[in-house]
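The values are calculated or read from the model by the stated rules, or taken from the named source; none is laboratory data. Being a predicted model, the structure only gives us computed values, none of them experimental. Glycine also receives a Cβ, built like all others from the backbone with ideal geometry; neighbour counts cover every protein chain displayed. Just the protein is used for accessible areas: all its heavy atoms, side chains included, with ligands, DNA and RNA removed. Shrake-Rupley method; radii C 1.70, N 1.55, O 1.52, S 1.80 Å.
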Amino acid sequence: MSNKMWGGRFASGPDAIMEAINASIDFDRRLHTQDIAGSKAHAAMLAEVGILSAEDAAAIADGLDAIAAEIESGAFTFSKALEDIHMNVESRLAELIGPAAGRLHTARSRNDQVATDFRLYVRDALDRLDVALATLQEALASKALQHFDAVMPGFTHLQAAQPVTFGHHLLAYVEMLARDRGRMADARRRLNECPLGAAALAGTSFPIDRFATAAALGFDRPMANSLDAVSDRDFVLEALAALSIMAVHLSRFAEEVIIWSSAQFGFVKLSDAWTTGSSIMPQKRNPDAAELVRAKPGRIFGALIGLLTVMKGLPLAYSKDMQEDKEPFFDALDAAELMVAAMTGMVRDMEPVRERMRCAAGAGYSTATDIADWLVRALGLPFREAHHITGRIVALASETGRELDELTLDELRAIEPRITADVFGVLGVENSVKSRTSFGGTAPENVRAQAEAWLQRLRG
């Protein structure tokens, strides 16, 4: 038989395969909270402007509250024959309150209804992620403050480049996550306009108050064009783009945790809480949580590319293709929230092996740039000349199998006669990091101040 919610035009029901491909209730049931909130706001507005009686509006509100309680308790029965969350709720409302339920859909369509529900859902998701990312930032800043002076190698090309501090390295991710939160806040601001009342695509002839429903649902304003309101999903695309960039940042950090916790590096230790063992090698401690954080961005990138592909060729206004917007977003959101939670746990758990990091920081002639800088400061040499002299000093140390601070003053003067014993003051890794006092540099006092400032902001 035809769907009683819309089947007046049809003499028979859909094929079973048509029903399966058309239905979305298996995934859009996630929107139940937002769908009920939108319906309550719509009913209240209809009553306020005189389209709906006060009695019907009260019955609808009570019925919707009862449905919300049923869904939360698990007592609600979802029907695939009713296609989506909107029709499932409306059908149950009719069972509870009778004909008054049919008046709820006055001056709206499933097109503006789903657009409203989904905007509310994405907004809620971005709000949750903002809190979760702030928690991760706090964990990073706290760890950075504990280890503001722990020296470690800084890398370029995964080769030891210059000494930095562990705290400085962690604060780099605090800054990245701040930009991620900024992108999400921007996306939230742009999506916070209400489609409700745009109806199917052209608006409605009923004297509705779209500003009232927008305000009731926490939107800044109603969307200004009814075609745009029902037909675009750029708010989902923008959220997925922000999630994708965030996932890149978390994946890069996960890769570093994997490298740092390996036996070859041994820079950090992770406890049993964030590692697993091997079924055959009893000595193994595998950083599986970090590896899964590294892997999950693929799901988020795929959701973004998938939805871009769905939307790229659609004429205005609504097409059923747009039903494919929700599952990828839900999956991407689940992956993103799990990534953030896992990374927060690992950051709180991991402990740096300070001596191992310090030894590695001094390897590979990582203080060579400090010699070049000293030649510029102390002798007034052009940097390119100082760079060339330093290269010869590094070559001598390499040829004789020594570190830079193991060379004698006479050996250094044989390369550049004006060098004095003061040069040895910049050669230790601790001296190197202490000298990087420029704004944003790795000097321990800089790092401590930045960590404290971040914690004040995050906790304030």
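When Ser432 is tested against the conditions (1) open to solvent by less than 40 Å² (accessible area, probe 1.4 Å); (2) outside any helix (DSSP H, G or I); (3) among the polar types (S, T, N, Q), the lone failure is (2).
Conditions tested, residue by residue: (1) more than 17 Å from Ala61 (Cβ to Cβ); (2) in the same structural domain as Leu191 (by the TED database); (3) open to solvent by 30 Å² or more (accessible area, probe 1.4 Å); (4) outside any helix (DSSP H, G or I).
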| residue | (1), (2), (3), (4) |
| --- | --- |
| Ser91 | yes, no, no, no |
| Ala94 | no, no, yes, no |
| Val114 | yes, yes, no, no |
| Asp117 | yes, yes, no, no |
| Leu120 | yes, yes, no, no |
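Within segment 175-206, being surrounded by fewer than 22 Cβ atoms within 10 Å (Cβ to Cβ), of a type in the set (Gly, Ala, Ser) and not in a loop (DSSP other than H, G, I, E, B) holds for Ala178, Gly182, Ala185. Taking the numbered list (1) assigned to a strand (DSSP E or B); (2) open to solvent by less than 60 Å² (accessible area, probe 1.4 Å) in turn, Ser142 passes all entries but (1). If you go through segment 32-49 and pick out every residue that is charged (D, E, K, R), open to solvent by less than 30 Å² (accessible area, probe 1.4 Å) and more than 17 Å from Arg92 (Cβ to Cβ), you end up with 0. Quick one: what pairs do we get from segment 409-427, first residue more than 27 Å from Cys359 (Cβ to Cβ), second assigned to a loop (DSSP other than H, G, I, E, B) and at pLDDT 90 or above, C-beta under 7 Å, 6+ apart or different chains? Once the first residue is more than 27 Å from Cys359 (Cβ to Cβ) and sits in segment 409-427, its partners that are assigned to a loop (DSSP other than H, G, I, E, B) and at pLDDT 90 or above give Arg413/Ile419. Can you confirm whether segment 406-425 contains a residue that is closer than 26 Å to Leu158 by Cβ and open to solvent by less than 80 Å² (accessible area, probe 1.4 Å)? So far as segment 406-425 goes, no, none of its residues is closer than 26 Å to Leu158 by Cβ and open to solvent by less than 80 Å² (accessible area, probe 1.4 Å).
Rundown of residues vs (1) among the aliphatic types (A, V, I, L, M); (2) in the same structural domain as Arg181 (by the TED database); (3) surrounded by fewer than 22 Cβ atoms within 10 Å (Cβ to Cβ); (4) farther than 30 Å from Met246 by Cβ, yes/no style:
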position	(1), (2), (3), (4)
Ser24	no, no, yes, no
Arg30	no, no, yes, no
Ile51	yes, no, yes, yes
Ile60	yes, no, no, yes
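Scanning segment 317-329 for residues that are part of a helix (DSSP H, G or I), among the hydrophobic types (A, V, I, L, M, F, W, C) and either open to solvent by 10 Å² or more (accessible area, probe 1.4 Å) or farther than 28 Å from Glu291 by Cα (or both) yields a total of 1. If you go through segment 154-174 and keep only what is modelled with pLDDT of 95 or more and surrounded by 20 or more Cβ atoms within 10 Å (Cβ to Cβ), you end up with Val164, Thr165, Phe166, Gly167, His168, His169, Leu170, Leu171, Tyr173, Val174.
Just to verify a result, which residue in segment 113-134, among those that are β-branched (Val, Ile, Thr) and under 14 Å from the mean Cα position of the chain (by Cα), is farthest from Asp35 (Cα to Cα)?
Of segment 113-134, the ones β-branched (Val, Ile, Thr) are 114, 116, 122, 131.
Now narrow it down to the ones that are under 14 Å from the mean Cα position of the chain (by Cα): 122, 131.
On the way: Val122: 13, Val131: 24 Å.
That would be Val131.
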